[in-house]
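Remarks on the structure that follows.
The values are calculated or read from the model by the stated rules, or taken from the named source; none is laboratory data. Since the structure is predicted, the reported quantities are computational estimates derived from the model, not experimental observations. Reconstructed Cβ throughout: ideal geometry from the backbone, glycine too, with neighbour counts over all protein chains shown.
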Amino acid sequence: MNDGLDSGTRFMFGLVGELGEQIRKSAHLDGLAEVEPPATGFGRIILCGMGGSAIAGDLIQPLLADGRIPLTVWRDYGLPHWAGPGDLVLCSSYSGDTEETLSGAHEAGSRGCDRLAITSGGSLASLASAEGFPAVILPGGLPPRASLGLGLGALARCLGRLGLVAEVDTSLVQAAETLDRYRDSRSFPVAPDVRDTGSVPADPEGNPSAAELAEILVGKVPVIYTVGAEAHAAGLRLKAQLNENSKAPACLAQFPELNHNDLVGWSLDTSDRGRFVLLIMRGRSDNDRIRRRVELTRQLLADEFPEIHEIQSSAPGVLDRILSLVQYGDYLSCHLARLKNVDPLPVDRITRLKESLGKPE
C-alpha cells in the first residue's frame, strides 16, 4: 500500500480499526465457558492490572452502576488491605508476566480470595493451571494497548456470566457495529476507501476530524478534561494512548473535582498560552449542574487556552458511547504519531525500565 506510512504506523492504524472485530472475537475465547459464580458467592471484585490490561476495568464501570457488587481497579503490587475470603480477584495481564499483577494473584491465593485470570499466557496462565483457578485466554502477539477489544470483551462477558452485567452480549454486538460504522471516517486519510475523496469526511458524532485535531496538537500539550462517568475512563485511555502511540505528554483532570483545584492552576505567562490545547471529553451522563460547570469553566479559561475542543458521543447505548470516545482517541493518537513521524509501536523507556528492574526476587 503506497500511503506514505511507515510499517509501525500502518500496523497501529490497522489494530485500532480492529476494535469492533476484537469485541466480536471475545465471544469465542478459550476458558470463557468455565467462568461461573463461586459456590459461596462473593462480596467484592478487585481487578488487578496495569496499563492497557487495567483500563477495561475503568471503562466497564458505568455498566455496573446499578449493580450490587463494586469493582475496584487495583494498579499496584499486592492487594488492598481489605481484600480477603469472599472477594473475587480478576487478574488481568495481557502478557501474563506483569509483575504487579502476578504479585496480586499470589496475594489473592494466600488470603483465600477466589481468582480468575484474563491473559494471553505467560506466568499468569501457568499459575492458574497449577493452582486450579479459571483463565480466559486471549490471542497473543499484540501490543497490550492494542488488545483492548479482546480484554474488555472478555471482562464484560465474565461479568455477564457472573450475573453482574445484564444483556452483555447484545451490548457488545451493538458497540462493535457502531465502531465499524465510525472507523473509516476517523482513520482518514489512511483508510483506502476514503483517502482519495479529496475532502476530510465529517466525524459521525459531530466531533472535529481526528486527523485535523491531530494537526492542531502537533507541538502542543493536550489538557484533557472529562465530563461524566462515561468519559472519565475514556480520558484516561486517551492520555495513555497519546503517551505511548504519539510519544507525547498529556494532562488529565475530571469534572467536578477539577473545579476545586486544577481550575486555579492555569495562570500562564502570555508567552506560554499557545503551548496547551484544552480537550473536553463527554458522554451523555452529565447532569444540569455539571453542564453549567463546563460552560463556566470554558469562560474562565478562555484566556489561558486559545484552542478549546469538545469530543463527545451521543451514540444510543452506554457501551457504544464509551467505546466511541475510545476509538476517537485511539485514532487521534495515531494521527498525531503520523504527523510527528514517530513509530507508535515501540515503548523503549518501558522496555529499558523492565530490563533494569530485572525479575522480582
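Would you check if Gly151 is without any contact (Cβ under 8 Å) to a residue 40 or more places away in the chain and buried (at least 17 other Cβ atoms within 10 Å of the Cβ)? Even if it seems obvious, please write down each step before you answer.
Details: without any contact (Cβ under 8 Å) to a residue 40 or more places away in the chain: no; buried (at least 17 other Cβ atoms within 10 Å of the Cβ): yes.
Criteria not met by Gly151.
Would you check which residues across the range 303-361 are outside any helix (DSSP H, G or I), among the polar types (S, T, N, Q) and over 18 Å from the mean Cα position of the chain (by Cα) and list them?
First, the residues of the range 303-361 that are outside any helix (DSSP H, G or I): 303-317, 341-347, 358-361.
Narrowing further to those that are among the polar types (S, T, N, Q): 312-314, 341.
Result: Ser314, Asn341.
Going residue by residue through the range 184-204, is there one that turns out to be hydroxyl-bearing (Ser, Thr, Tyr) and not in a helix (DSSP H, G or I)? It would help to see each step written out before you state the result.
Step one: filter the range 184-204 for residues hydroxyl-bearing (Ser, Thr, Tyr), giving 185, 187, 197, 199.
Cutting the leftovers down to not in a helix (DSSP H, G or I) gives us 197, 199.
Yes, some residue in the range 184-204 is hydroxyl-bearing (Ser, Thr, Tyr) and not in a helix (DSSP H, G or I).
Being small (Gly, Ala, Ser) and in contact with an Asp or Glu (Cβ under 8 Å, 6 or more places away or on another chain) is true for just one of Gly283, Gly329, Gly317, Gly265. Which residue is that?
Details: Gly329 fails: in contact with an Asp or Glu (Cβ under 8 Å, 6 or more places away or on another chain); Gly317 fails: in contact with an Asp or Glu (Cβ under 8 Å, 6 or more places away or on another chain); Gly265 fails: in contact with an Asp or Glu (Cβ under 8 Å, 6 or more places away or on another chain).
That would be Gly283, the only listed residue that is small (Gly, Ala, Ser) and in contact with an Asp or Glu (Cβ under 8 Å, 6 or more places away or on another chain).
Could you check, for the range 161-183, whether at least one of its residues is buried (at least 19 other Cβ atoms within 10 Å of the Cβ), in contact with a strand residue (DSSP E or B) (Cβ under 8 Å, 6 or more places away or on another chain), within 24 Å of Leu15 (Cβ to Cβ) and among the hydrophobic types (A, V, I, L, M, F, W, C)?
The answer is no, given that none of the residues of the range 161-183 is buried (at least 19 other Cβ atoms within 10 Å of the Cβ), in contact with a strand residue (DSSP E or B) (Cβ under 8 Å, 6 or more places away or on another chain), within 24 Å of Leu15 (Cβ to Cβ) and among the hydrophobic types (A, V, I, L, M, F, W, C).
Checking Glu355 against (1) assigned by TED's automatic domain parsing to the domain that holds Lys239; (2) surrounded by fewer than 22 Cβ atoms within 10 Å (Cβ to Cβ), only one condition comes out false. Which one?
Going through (1) assigned by TED's automatic domain parsing to the domain that holds Lys239; (2) surrounded by fewer than 22 Cβ atoms within 10 Å (Cβ to Cβ) one by one, Glu355 breaks only (1).
Run down Leu336, Leu319 and say which single residue is within 30 Å of Tyr77 (Cα to Cα) and touching a residue at least 40 places away in the same chain (Cβ under 8 Å). Break it down into steps so the answer makes sense when it comes.
On the way: Leu336 fails: within 30 Å of Tyr77 (Cα to Cα).
Unique residue meeting the criteria: Leu319.
Would you please name the residue that is modelled with the lowest pLDDT, looking only at residues in the range 59-87 that are of a type in the set (Asp, Glu) and surrounded by fewer than 20 Cβ atoms within 10 Å (Cβ to Cβ)? Walk me through how you get there before you give the answer.
First pass over the range 59-87, keeping only residues of a type in the set (Asp, Glu): 66, 76, 87.
Now narrow it down to the ones that are surrounded by fewer than 20 Cβ atoms within 10 Å (Cβ to Cβ): 66, 76.
On the way: Asp66: 75, Asp76: 98.
It comes out as Asp66.
Are any of the residues in the range 135-152 under 17 Å from the mean Cα position of the chain (by Cα), closer than 18 Å to Leu64 by Cα and at pLDDT 95 or above?
yes
Being more than 15 Å from the chain's Cα centre (by Cα), surrounded by fewer than 22 Cβ atoms within 10 Å (Cβ to Cβ) and either modelled with pLDDT of 90 or more or not assigned by TED's automatic domain parsing to the domain that holds Thr98 (or both) is the filter here, so list the residues in the range 42-58 that pass it.
Across the range 42-58, the qualifying residue is only Arg44.
A quick yes/no check of all residues on (1) under 16 Å from the mean Cα position of the chain (by Cα); (2) within 19 Å of Gly51 (Cβ to Cβ):
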{"residue": "Ser199", "(1), (2)": "no, no"}
{"residue": "Ala211", "(1), (2)": "no, no"}
{"residue": "Tyr225", "(1), (2)": "yes, no"}
{"residue": "Ala229", "(1), (2)": "yes, no"}
{"residue": "Leu236", "(1), (2)": "yes, yes"}
{"residue": "Lys239", "(1), (2)": "yes, yes"}
{"residue": "Ala248", "(1), (2)": "no, yes"}
{"residue": "Phe255", "(1), (2)": "no, no"}
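Working only within the range 254-274, note down all residues that are at pLDDT 95 or above and either touching a strand residue (DSSP E or B) at 6+ places or on another chain (Cβ under 6 Å) or assigned to a helix (DSSP H, G or I) (or both).
Gln254, Phe255, Glu257, Leu258, Asn259, His260, Asp262, Leu263, Val264, Gly265
If you scan the range 195-231, which residues turn out to be crowded, with 23+ Cβ neighbours inside 10 Å, closer than 20 Å to Gly149 by Cβ and not charged (D, E, K, R)?
Ala210, Ala231
Taking the range 104-148, which residues are surrounded by fewer than 23 Cβ atoms within 10 Å (Cβ to Cβ), hydroxyl-bearing (Ser, Thr, Tyr) and out of contact with any strand residue (DSSP E or B) (no Cβ under 8 Å at 6 or more places or on another chain)?
Ser110, Ser123, Ser126
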